[in-house]
Structures are given as structure tokens and as C-alpha cells.
Amino acid sequence: MGKKVSPVKDFIAGGVGGVCLVFTGQPLDTIKVRLQTMPRPKPGEAPLYKGTIDCATITIKKEGIKGLYKGMAAPLAGVSPMFAVCFLGFGIGKKLQQKHPTDDLTYPQLFKAGMLSGVFTTAIMAPGERIKCLLQIQADSHKKMYDGPLDCAKKLYKEGGIRSVYRGTGATLLRDVPASGMYFMTYEWLQHTLTPAGHDRTDLSVGRTLFAGGMAGIFNWAVALPQDVLKSRYQTAPHGKYPNGIRDVFKQLMKEEGFLSLYRGAAPVFLRAFPANAACFFGYEFDKLKVLSTGAQLEFDG
Ligand SMILES: CC(=O)O[C@H](CC(=O)[O-])C[N+](C)(C)C
């Protein structure tokens, strides 16, 4: 028999998990976006970055450690509500499929609940990612385009209204709907598999919780990476460069850089995925336990 689903507890604990994820994952996220969006070298020219370590070294040399934390204000401000909504969406997705509040769900049902969570988060994720990516690729120079997330949002709005702020929404959905399905299904599957017989999931050790969370992140990105490359390119391109959206980005990538370019940034993505998501689920479970143990009346029975 499963536990009663409480989307409100999920909302609060998800927010805490999101903050843990940003602090742990931001430097490798910056490297990922820089590798994904660097200009293609002309024949005979060296690429801007040769790989993950080269990108990290150049960034630290030119901009200091703070260069790796560039654009963090946007995900920090957005990620807490985003992960709160993400876990809330998953909770609602589960609830919608249960006939009885303590019913266990099958793995395909958990996948579907995860996909619903991906739809929920896109409203916050799409503009957050647009601003974050633009700030992350902005090298430290005197000719900075954007003076922080708010300035960036204002300038995008001035340039093309709300459509510009939300550029990349389709790509974000294409990435996060299947990825979130995978994320939550893997986490629940591993939690179930790692729980010793006769014990409850809440008894799971910290190490096993970290492992399940980290692996959920790896599975998430195994599904999300190609769409993420398209999204990063599209969201950081100059206005009007890709009139047909990510279809144009895809055609250009296939023509000029080949299929493997869809996996650009794989090293920092997978290096980040495990620790960042282990931290996220740790924050989530820890906070959920705290909320449960304080006996807070947060059940959502509607
Ligand atoms: C693409 C993304 O944001 O993935 C999240 C995990 C991570 O590594 O940032 C998970 N989720 C899509 C469920 C929000």
C-alpha cells in the first residue's frame, strides 16, 4: 500500500530541492551552455573551447570563479518556484491516476505523472532558461549586453514583447516533458528497488537516496540532451536568425556540424547531473520528512 500523496508537501520540499540543485550544479551548467553555443570555428581556426576542462580554465582565468556562477540569480530566483511546481505537478499527476489515495502507481503511470510535471514547469522554465543562457554566454567585458537577469528580461521584452521572453517554449516542452517522465519514474523505481524487503521507502539511507536522485538526473539528461542543444542555440541566437524556430536550428546543425553536435556539452551535463540531482532529491526528501515530522497540516485532498 502506498503513502498518501500530498502535492502541497511536494511543492514545499521541491522548492528546497531546487535550491540545492542550483548551488551544486551551476558551474558545470555554465560550461555546458558555453560549449553548446560557442561559434563554429572557421577552417584552420581553433575552436573557442576544446572541451570541458579548457572551457573551465579559460573562464576562470578571464572572469574568475564567479564566471562559472554567471546567470545564477535567474535560476536561483526561478528554480525554487520551478522545482516546487515540478514536484507539485508530479504529485497532481499521481493523484489524478489514483482511484484511492494510497494506491501504488505502475511505472508507466509514474512516467505520465512526470510528463505532466514537465508541462507545469515550462511556464517558469522557458523564460528562466532564456535569461540564464543569455547571461551565461556573456563573457566579462566592458561591452556587457545585460546587467543581470532583470535587465535582461526588460531588454528582451523591449526587443520583442512577451514572445521574445518566452522564446524557446516549444523546445523546452520537447525537452522537459519526456525528460521529467524519465526523471520521476527512475527515481521511484530506484527507491523501490533499493528499499530493503519489509521496510518503508522513508527508511532509505541517505546514501541510497543520493544514488537514486543522482541516477534520476542521469536518465533525465539521457533523454533531454539533443533537445537541450537545440534550445540553447535557439534561445541565444540573435533576433530573426531562425524564423522557423528549432526546426531551422536542427537543419543548420545537421548541415554544418553533423549528428554528434546534438550531444555537445555531454561531458559537463553528465558530470553535473549526478551530484546536482542527488542534492536536489536529498533536499526534497529531507524537507519532506521535516514537514511530515512537524505534523504540519498540509494534506491536499481536493
Ligand atoms: C532539464 C532539467 O531541468 O532537468 C531537471 C534536472 C536538472 O538536472 O536540472 C529535471 N526536471 C526536468 C524534472 C526539472
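The values are calculated or read from the model by the stated rules, or taken from the named source; none is laboratory data. Because the structure is predicted, anything quoted here is derived from the model rather than measured. So basically every Cβ, Gly included, is an ideal-geometry build from the backbone, and we count neighbours across all protein chains shown. Protein only, heavy atoms only, side chains kept; ligands, DNA and RNA dropped before computing areas. Shrake-Rupley method; radii C 1.70, N 1.55, O 1.52, S 1.80 Å.
One residue is enough: does segment 168-186 have a residue meeting the conditions outside any helix (DSSP H, G or I), within 16 Å of the ligand (Cβ to nearest atom) and crowded, with 20+ Cβ neighbours inside 10 Å? The answer is yes; a qualifying residue exists. Scanning segment 68-81 for residues that are surrounded by 24 or more Cβ atoms within 10 Å (Cβ to Cβ) and closer than 14 Å to TYR284 by Cβ turns up just one, VAL79.
Inside segment 199-239, residues that are outside any helix (DSSP H, G or I) and open to solvent by less than 30 Å² (accessible area, probe 1.4 Å) make up a count of 2.
Listed here are the residues, each with its yes/no results for (1) within 14 Å of the chain's Cα centre (by Cα); (2) of a type outside the set (D, E, K, R).
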{"residue": "CYS152", "(1), (2)": "no, yes"}
{"residue": "LYS155", "(1), (2)": "no, no"}
{"residue": "GLY160", "(1), (2)": "no, yes"}
{"residue": "THR172", "(1), (2)": "yes, yes"}
{"residue": "ARG175", "(1), (2)": "yes, no"}
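Touching an Asp or Glu at 6+ places or on another chain (Cβ under 6 Å) and β-branched (Val, Ile, Thr): does that describe THR195? No; evaluated as a whole, the condition is false for this residue. Candidates are the residues of segment 117-136 that are hydrophobic (A, V, I, L, M, F, W, C) and buried (at least 24 other Cβ atoms within 10 Å of the Cβ); the one that is farthest from the ligand (Cβ to nearest atom) is LEU135.
Residue-by-condition table, conditions (1) surrounded by 22 or more Cβ atoms within 10 Å (Cβ to Cβ); (2) part of a helix (DSSP H, G or I):
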site	(1), (2)
ASP10	yes, yes
GLY14	yes, yes
GLY18	yes, yes
THR24	no, yes
ASP29	yes, yes
LYS32	yes, yes
ALA46	no, no
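Number of residues in segment 34-84 that are under 29 Å from ASP10 (Cα atoms), aliphatic (A, V, I, L, M) and either modelled with pLDDT of 90 or more or within 16 Å of the ligand (Cβ to nearest atom) (or both) equals 7. Residue pairs whose Cβ atoms lie under 6 Å apart, sitting 6 or more positions apart in sequence or on different chains, and linking a residue in segment 220-247 that is free of Cβ contacts under 8 Å to residues at least 24 places away in the same chain and on the phi < 0 side of the Ramachandran plot to a partner that is part of a helix (DSSP H, G or I) and among the aromatic types (Phe, Trp, Tyr), are TYR242/TYR234.
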